[in-house]
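Just so you know, all these numbers are worked out from the coordinates, no wet-lab data involved. Keep in mind the model is a prediction, meaning the values are calculated, not measured. Methodologically, a virtual Cβ is constructed for each residue, glycine included, from the backbone with ideal geometry; neighbour enumeration extends over all protein chains shown.
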Amino acid sequence: MNQDTPVIELKGVGEKTQKLLEKLNIRTVGNLLSAYPRDYEVFGEPVKVSEASAGTVCAVYGAVSGIPNERRVRKLSILNVNIADSSGSLQLTFYNMPFLKKTLRQGGFYIFRGLVQTRGASRIMEQPKIFSREDYAKLTDRLVPRYSLTKGLTNQSLQKYVKQALSFYEFGPEYFSEDLLEEARLVSEREALETVHFPQNHDSLVQARRRLVFDEFFSFLFLMRKNKEFSDGLASNYRLLETADTVRFLEQLPFPLTRAQQKVWQEIKDDVGSARCMNRLVQGDVGSGKTIVAVLALLMTAANGYQGALMAPTEVLAMQHFETIQDYVKQYDLIFRPVLLVGSMSAKEKREAYGRIASGEANLIIGTHALIQEKVQYKALALVVTDEQHRFGVRQREHLAEKGENPHILVMSATPIPRTLAIILYGDLHISVIDELPANRLPIKNCVVNTGYRPKAYRFIAGQVEQGRQVYVICPQVEGDSEDAEGGAPLENVVDYTEKLKSALPAGVQVAYLHGKMRPADKNRIMEQFASRKIDVLVSTTVIEVGINVPNATVMMVENAERFGLAQLHQLRGRVGRGEHQSYCIFISASEKEESMERLQILNKSNDGFFIASEDLKLRGPGELFGIRQSGEFSFRIGDIYSDASVLKQASKAVDRILSEDPGLEKPANLLLKQHLEAAAGNHVDFRSI
């Protein structure tokens with residue numbers, strides 16, 4: 001059994017389970033072993049009822065002190081029962097478990113484990129697990145893995161499949177040299193995989209996770225360095241000169257460029273006018289004016305008689321860019337002859353677009369990754385701008401080079417990253433920063449609250465919709481499952497929360513949901529409907545982090561905000577505050593831990609993305625294994641650039657040393673590493689995203 005073995009060959013996996021696993025992007029044994037636990041459940045010794053503090057998950061040993069009381073709200077069964085020990089009492093609440101009325105006998109002793117919350121002056125535990133003393137003793141002090149799930153798939157079944165896969169998996173020889181393993185203090189790949197899924201203790205888990213994070217960062221940085229070698233060797237075929245077109249456009253704009261925009265615009269002009277291909281990243285918060293700088297660069301390209309391309313992460317955003325450019329052409333009489341190219345266009349529309357691009361009639365091509373497909377032939381592509389996501393990797397560069405173009409590359413990112421990390425992560429790019437917002441920008445008003453604020457938030461949302469505004473609500477997961485609340489605060493999910501909102505908001509409010517597991521056509525349809533104001537409230541996962549621009553949206557509410565990194569929450573907040581109306585961001589924390597609320601208060605106090613990113617780097621140290629979701633700007637499976645910053649720096653040093661000693665990886669000690677990295681490059685055409 002190897003990494004390419006289909007999961008259906010595992011005992012107990014039939015066609016039905018295979019389809020459920022595919023929903024989690026698990027098709028092979030390799031995918032399964034790379035589906036790392038999202039966190040771990042630790043079964044500590046039971047505490048006294050009086051010691052069960054709000055905001056913590058704990059186990060208490062107590063007796064049922066009254067008769068369970070059941071009531072029904074519509075189709076929902078709610079069962080309340082009190083338990084007590086010598087130190088005090090606690091209320092338990094169970095949903096849709098009416099059978100417990102007979103199971104929990106008055107005077108019976110049980111261990112109950114779950115999240116303790118406050119409701120007014122009372123402490124309650126919702127949907128706790130029930131154990132006998134004997135069964136709980138078997139679990140005490142174990143680290144039990146908890147995976148991301150989908151409906152129909154339990155945590156226990158996923159554990160069983162992983163255990164089976166590890167038993168029969170044929171691990172290959174170690175691809176890192178013994179010197180590197182010793183120098184970086186890394187455990188073997190086999191030990192890392194076995195331990196990350198079934199750790200014996202916290203210390204061994206730390207070492208296992210560190211090895212897997214190092215692997216991920218090493219592969220990423222190695223391919224990036226090769227990308228730099230490729231890019232640095234490219235002479236420019238297109239030395240661009242400034243013309244009257246950009247000067248006239250700037251004079252006609254109803255606002256002046258900020259000093260930061262002027263500085264970056266000058267850096268771009270210097271780059272494209274030199275003998276080398278431009279390879280530049282422009283970083284700046286949402287609303288800092290990156291897009292207008294990109295439009296100026298594309299206009300300069302067109303004015304020199306060449307073609308420019310603007311590549312967006314989603315079809316909806318590509319269409320929005322296309323409409324904006326068309327408005328500029330009409331309003332300012334620009335020389336752009338734009339064409340749109342996205343996957344959902346008909347074959348006839350694509351053929352017409354290909355023809356206009358090949359002939360040079362179109363001097364600005366706007367689209368998604370369709371722009372670099374084989375059928376697209378450019379006449380004189382001099383500049384490619386990638387917006388928000390889809391950073392070019394080695395293979396995309398080679399695709400463009402094979403077309404005989406070697407264009408200038410400009411990458412736009414709304415993700416602020418501390419400079420110490422940016423130098424490592426963007427080492428192949430020259431970095432420009434727009435660190436100044438236009439003077440007329442209304443700052444977003446923020447609040448950080450607990451779940452008790454929800455009714456007030458719903459009334460506020462209804463009021464904004466009544467005024468004609470739109471709202472985003474973010475949940476950390478797509479669907480709910482019965483095991484979500486075991487190891488922490490209950491996680492809100494998109495599907496169930498949409499129904500909850502429909503019941504809580506006035507009947508006329510249009511609520512819809514969006515998540516990454518939907519078909520691309522369905523995602524585009526929902527985003528288009530939201531952009532055209534047919535949807536008032538959009539409940540979504542972080543899929544909306546990039547790819548949609550709706551100036552009319554004025555409220556961003558994030559559920560389980562404690563589950564996200566500060567930098568990602570700031571990125572999500574950037575979806576509002578794009579129009580003329582005052583915008584608001586509501587961060588709802590289901591955790592009552594003091595440190596969680598203190599961390600979120602940083603967002604309450606500041607709208608400065610670079611300040612927030614630096615605070616995120618300080619707060620999320622190496623001791624934090626899981627619990628806060630991945631930063632959204634890099635699609636690492638397990639590594640996080642903030643909490644794993646020290647591993648990132650170590651991997652960077654290792655890559656630099658190996659490349660200086662053996663740039664072609666030709667030495668015997670590095671041959672297996674070369675094969676491993678070639679496989680990694682082959683599996684990740686879009687190896688990074690911003």
Apply the a/c threshold of 1.5 to the C-alpha gyration tensor of the range 1-115 and tell me whether it is rounded, prolate or oblate. prolate
Of LYS350/LYS523; LYS375/LYS523; LYS379/LYS523, which sit over 27 Å apart, Cα to Cα? LYS379/LYS523
For a test of the definition: using alpha carbon positions, the gyration tensor, and the 1.5 limit on a/c, classify the range 230-434 as rounded, prolate or oblate. rounded
Rank-order 509-516, 269-276 by packing density, defined as the average count of other C-beta atoms within 10 Å over each peptide's residues, highest first. 509-516, 269-276
For TYR147, what residues show an amide H to amide H distance below 5 Å, using hydrogens built from the backbone and excluding near sequence neighbours? ARG38
Can you give me the Cα centroid spacing of the range 245-307 and the range 54-77 in angstrom? 61
For the range 545-619 and the range 335-359, compute the distance between their C-alpha centroids and round to whole Å. 38
Inter-part gap, Cα centre of the range 158-187 to Cα centre of the range 15-31, in whole angstrom, is 22
Which one is right for this structure if Cα Rg over 2.2 N^0.38 Å is calculated from it: (i) 1.41; (ii) 1.21; (iii) 1.03? (iii)
With both bridge residues required to lie in the chain, what share of the DSSP beta bridges run antiparallel, to the nearest 5%? 40
Which shape class, rounded, prolate or oblate, goes with the range 292-361 when its Cα gyration tensor gives a ≥ b ≥ c as root eigenvalues, a/c under 1.5 marks rounded, and past that a/b bigger than b/c marks prolate? oblate
Among THR420, THR301, what is the fewest-to-most ranking by other Cβ atoms within 10 Å? THR420, THR301
SER540 long-range amide H proximity, modeled H, under 5 Å: VAL473, ILE474, CYS475, LEU514
Amide proton proximity set for ALA553, modelled H, under 5 Å, gap of 5+: GLN470
